[in-house]
């Protein structure tokens with residue numbers, strides 16, 4: 001610390017002392033004590049002005065003297081705050097306090113409100129009220145259409161925060177930005193510039209001819225066999241119907257011998273399976289699904305073929321979370337069901353990751369829930385409008401999902 005004499009000596013220039021007010025002394029690290037200038041007795045105007053004010057005011061100044069308090073740490077933080085528009089502006093009216101009964105409407109509640117407004121419009125007789133409902137319905141329908149086309153939606157609260165300099169986003173929105181199913185979804189804008197994905201597949205895509213040979217997994221380096229299982233005893237409804245039709249067609253031919261049925265081949269996913277698997281999933285789930293990522297870990301997959309036709313498939317994501325795996329898709333063609341195909345595929349996936357919990361999402365109206373419960377899956381929660389971002393806007397089925405977990 002400096003003494004008062006050292007401070008006065010350091011700031012003396014050409015025989016005149018320079019006054020350090022309290023604010024300068026605090027910022028310079030000097031002890032807080034005002035140093036008065038030494039003024040000669042001949043300058044009476046300066047003496048009188050100095051007696052009237054404890055600070056350095058000019059004698060010609062008509063401004064009223066004000067007492068300056070030493071700056072505090074809060075004042076320093078306000079001046080050096082990095083946020084934009086952080087200083088209070090007195091010409092702006094303060095924001096009103098938020099009402100305690102106002103709650104932000106979720107996407108699901110907004111869709112339900114749109115449905116209620118659509119049902120209410122035919123029942124209203126007043127023309128003014130009906131016009132108001134039509135405008136309100138148009139706004140809600142536009143917001144829903146923008147979500148399906150992945151276009152930004154106007155948010156008044158967020159825009160106001162940006163204009164005032166506060167750019168912080170809602171952490172709940174940031175945490176739920178991406179789902180595991182989004183890994184297997186192609187961009188809407190790449191498939192169709194209008195934003196509506198329409199399946200262009202006609203009929204069933206067949207697997208190209210390939211030579212069955214062992215291969216090594218790129219995920220674990222394990223040498224995988226070409227087939228997981230080859231089942232010749234299963235007789236699904238489609239095979240029984242085919243045999244009956246062939247028998248009736250050739251009933252007049254003497255010595256007709258029906259063709260020997262082929263086996264149901266359970267194998268790991270290979271590159272030649274991707275196109276028919278994508279077509280199958282797009283037919284029974286939603287368009288835009290691409291399972292190319294499953295080639296990175298083929299041991300966590302199962303594709304069932306009959307000759308060159310894909311009749312079922314199942315895929316699991318091994319790195320969905322900490323000590324957690326996720327079943328992304330499991331599907332069997334309707335005419336090939338009730339033959340234990342899905343049961344074996346699910347059993348195979350559970351055997352490939354024995355040390356992790358397995359989770360999945362399923363629609364409440366899907367009868368596959370009973371299959372999952374047989375393997376020990378338990379329902380944890382109901383997620384409303386989980387499939388809203390995947391199904392088309394005109395889809396009439398259930399958009400909710402049950403979240404199931406198998407604890408290992």
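Here, each number is a calculation from the coordinates, and none is a lab measurement. This is a predicted model, so every value here is computed, not measured. Backbone-built Cβ (ideal geometry, glycine too); neighbour counts: all protein chains shown.
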May I ask for the Rg/Rh ratio of the stretch 257-341, computed from Cα atoms with Rh as the Kirkwood radius, given to two decimals?
1.01
When 108, 306 are arranged by how many other beta-carbons sit within 10 Å of their Cβ, fewest first, they go 108, 306
Calculate the length of the line joining the C-alpha centroid of the stretch 257-297 to that of the stretch 234-256, in whole Å.
26 Å
Near-label residues of the stretch 328-350 by backbone N, under 16 Å of a point 7 Å along Cα→Cβ of residue 229
331-333, 337-350
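Rg over Rh of the stretch 246-292, using C-alpha atoms and the Kirkwood radius, what does it come to? Each step should come with its number before you reach the end.
Details: Rg = 18.2 Å, Rh = 14.2 Å.
Reported Rg/Rh, Kirkwood definition of Rh: 1.28.
Please sort 326-335, 211-220 by packing, taking for each peptide the average over its residues of neighbouring beta carbons within 10 angstrom, highest first. Spell out each step's value before the answer.
Working: 326-335: 19.4, 211-220: 11.2.
Final packing ranking: 326-335, 211-220.
Work out, in µm²/s and without decimals, the Stokes-Einstein translational diffusion coefficient of the stretch 207-354 at 10 °C, 1.306 mPa s, Rh from Kirkwood over C-alpha pairs. Before the final figure, lay out the partial values.
On the way: Rh = 16.6 Å.
It comes out at roughly 95 µm²/s.
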Across bins of 5 angstrom width beginning at 0, how are the C-alpha pair distances of the stretch 343-385 distributed, in whole percent?
5, 18, 31, 25, 13, 6, 1
Rounded to the nearest Å, the spacing of the alpha-carbon centers of the stretch 208-230 and the stretch 301-321 is 13 Å
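When the gyration tensor of the stretch 297-390 is built from Cα positions, what are the square roots of 5 times its three eigenvalues, in whole Å, from largest to smallest? Let's see the in-between values first.
Working: eigenvalues 90, 62, 35 Å².
Semi-axes from the Cα gyration tensor: 21, 18, 13 Å.
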